[in-house]
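The values are calculated or read from the model by the stated rules, or taken from the named source; none is laboratory data. Note that this is a predicted model, so its numbers are computed, not measured. Don't worry about glycine lacking a Cβ; one is built from the backbone with ideal geometry, like all the others, and counts go over all protein chains shown. For accessibility, only protein heavy atoms count, side chains too; no ligands or nucleic acids. Shrake-Rupley method; radii C 1.70, N 1.55, O 1.52, S 1.80 Å.
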Amino acid sequence: LKTLVIDSPGAPLRLIEKPLPEPGAGEVRVRIHASPVNPSDLIFLEGNYGGGSFTDPRTFPRTPGFEASGVVEKAGPGLLPRLWMGRRVACVAPDGRDGAWAESMVTPAERCVPLLPSVTLDQASMMFVNPWTAEALLDVAKKHGAAACAQTAAAGALGRMIGRIFQKAGIPMIHIVRRPDQVELLIGDGIKPEHVLDSSSTGFDGSMRSAFTESRVSLVFDAVAGEMTGRLLAALPEGGKVVVYGALSKESASSSPYDLLFGNKKVEGFWLARWVQERGFVGRMLMAIRVQRQLGGDLASEVRSRVPLEDVPSAIQSYKKEMSCGKILIYPSGTK
Ligand SMILES: NC(=O)c1ccc[n+]([C@@H]2O[C@H](COP(=O)([O-])OP(=O)(O)OC[C@H]3O[C@@H](n4cnc5c(N)ncnc54)[C@H](OP(=O)(O)O)[C@@H]3O)[C@@H](O)[C@H]2O)c1
């Protein structure tokens, strides 16, 4: 088995050969077709991913890669593994064990979803992390009763999905990006120019405050954190909330105590893993079908490049320089 491995946080990725892992009870071994590089993988490579009440996913050395697609090539004992045997699946890595940046991965059968015939293995490899988060954040917005929302990192893969599904759900959205060309990108997606703000432009904070007031924004989804969180909080009207769901700035989320005390504003976190755990097996399967039906449209991801395991370190460097150009897909068996 050819696999990438990281020995400790921040260490270089190494390509090694290992014996094929055997699936245990309730598990399957998936022959990996493709696995994307997501920001969560970058956080994992730095040793900062997960923790809390979950199985500590920071054990090293380990093969990275949280999500993938492939074909089930071996089933461990159990009904579900036998049902999934030979099928095309989207899959998530097991907690605390080797992930998907390898030719094969062993994972619980419960973490695999069989694919509808219409879904390609490429789109299926990017089916969980972002599409499920987009649906989950829509659920959060509906429960909050938000008349309108805003989001940062709006030109990223997830930001564009959120833009499409909130538009379809009839929830107005203010989109915040960080470069002028990203404004054009979103306008090209059909978003009204007055609903896109560039945080690098002069007068951004004032424009944001006016846009939030005019559109009656009460909830912001923030993937940037750092000082951006405090700026969002300041721009929100009384009682507004910022949901921090990403750490792109790698900085502590700031907030003015006056906004919290006198403005009755709130900052909270969102993590998909926790949201999914609260759903149960049937709820997860229903969501899997719902998401698959939209994978060719509103929940589609663009791909910038397809790379073999050997080229992953250099591909990650170019991804970090400009993240809005689509996902890198890793093809562990080569790009053919
Ligand atoms: N909480 C959860 O459970 C969960 C689940 C899924 C995703 N996420 C988070 O969602 C976010 C977006 O994921 P994605 O897959 O859409 O990423 P992506 O496709 O790589 O896009 C990232 C976007 O963020 C922008 N960006 C990067 N660093 C930034 C910074 N310091 N300040 C402002 N903007 C910045 C990039 O702009 P450039 O092109 O200019 O680089 C790009 O538009 C990530 O933070 C990810 O961790 C969280």
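Take the residues in the range 91-144 that are under 20 Å from the mean Cα position of the chain (by Cα) and among the hydroxyl-bearing types (S, T, Y); name whichever of them is farthest from E27 (Cα to Cα). Ranking the candidates gives T133 first. Selection of the range 13-47 for residues being outside any strand (DSSP E or B), under 25 Å from M126 (Cβ atoms) and of a type outside the set (A, V, I, L, M, F, W, C) yields P21, P23, N38, P39, S40, D41, E46, G47.
Within the range 112-131, if we keep just the residues that are open to solvent by 10 Å² or more (accessible area, probe 1.4 Å) and near the ligand (Cβ under 10 Å from one of its atoms), the residue that is nearest to S215 (Cα to Cα) turns out to be N130. No other residue among D198, D189 is on the phi < 0 side of the Ramachandran plot and either of a type in the set (S, T, N, Q) or modelled with pLDDT of 95 or more (or both) apart from D198. Filtering the range 234-255 down to residues that are over 18 Å from A153 (Cβ atoms) and assigned to a loop (DSSP other than H, G, I, E, B), which residue is nearest to the ligand (Cβ to nearest atom)? In this case the residue turns out to be S255. Can you pull out every residue in the range 2-40 that is open to solvent by 50 Å² or more (accessible area, probe 1.4 Å) and of a type in the set (D, E)? Hits for the range 2-40 are D7, E17, E22. Where strands (runs of 3 or more DSSP E) fall wholly inside the range 104-217, the ranges with 2 or more residues that are hydroxyl-bearing (S, T, Y) are 104-108.
Okay, residues lined up against (1) within 16 Å of the ligand (Cβ to nearest atom); (2) without any contact (Cβ under 8 Å) to a residue 60 or more places away in the chain:
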position	(1), (2)
P257	no, yes
L261	no, yes
V267	yes, yes
A273	yes, no
R279	yes, yes
R290	no, no
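List the number of the failed condition for V183; all other conditions in (1) more than 10 Å from the ligand (Cβ to nearest atom); (2) under 18 Å from the mean Cα position of the chain (by Cα); (3) under 20 Å from S249 (Cα atoms) hold. For V183, the failing item is (2).
One line per residue, one yes/no per condition, for (1) open to solvent by less than 20 Å² (accessible area, probe 1.4 Å); (2) farther than 26 Å from L272 by Cα:
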position: G206; (1), (2): no, yes
position: A211; (1), (2): yes, yes
position: V217; (1), (2): yes, no
position: A225; (1), (2): yes, no
position: R231; (1), (2): no, no
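Mind listing just one residue for me: the one in the range 292-307 that is within 13 Å of the ligand (Cβ to nearest atom) and hydrophobic (A, V, I, L, M, F, W, C) and, of those, surrounded by the most Cβ atoms within 10 Å (Cβ to Cβ)? If we take residues in the range 292-307 being within 13 Å of the ligand (Cβ to nearest atom) and hydrophobic (A, V, I, L, M, F, W, C), then L299 is surrounded by the most Cβ atoms within 10 Å (Cβ to Cβ).
Comparison of A154, A100, A134 shows that the only residue that is modelled with pLDDT of 95 or more, more than 9 Å from the ligand (Cβ to nearest atom) and buried (at least 18 other Cβ atoms within 10 Å of the Cβ) is A100. When residues in the range 145-161 are screened for being at positive phi and under 14 Å from the mean Cα position of the chain (by Cα), 1 of them pass. In the range 309-326, the qualifying residues are those that are more than 16 Å from the ligand (Cβ to nearest atom) and open to solvent by 30 Å² or more (accessible area, probe 1.4 Å), and the one that is farthest from R178 (Cα to Cα) is E310. Within the range 233-249, does at least one residue satisfy the condition of being open to solvent by 60 Å² or more (accessible area, probe 1.4 Å) and among the basic types (K, R)? Within the range 233-249, none of the residues are open to solvent by 60 Å² or more (accessible area, probe 1.4 Å) and among the basic types (K, R). Scanning the range 188-204 for residues that are without any contact (Cβ under 8 Å) to a residue 24 or more places away in the chain and either hydroxyl-bearing (S, T, Y) or surrounded by fewer than 14 Cβ atoms within 10 Å (Cβ to Cβ) (or both) turns up G188, G190, K192, P193, E194, S200, S201, T202, G203.
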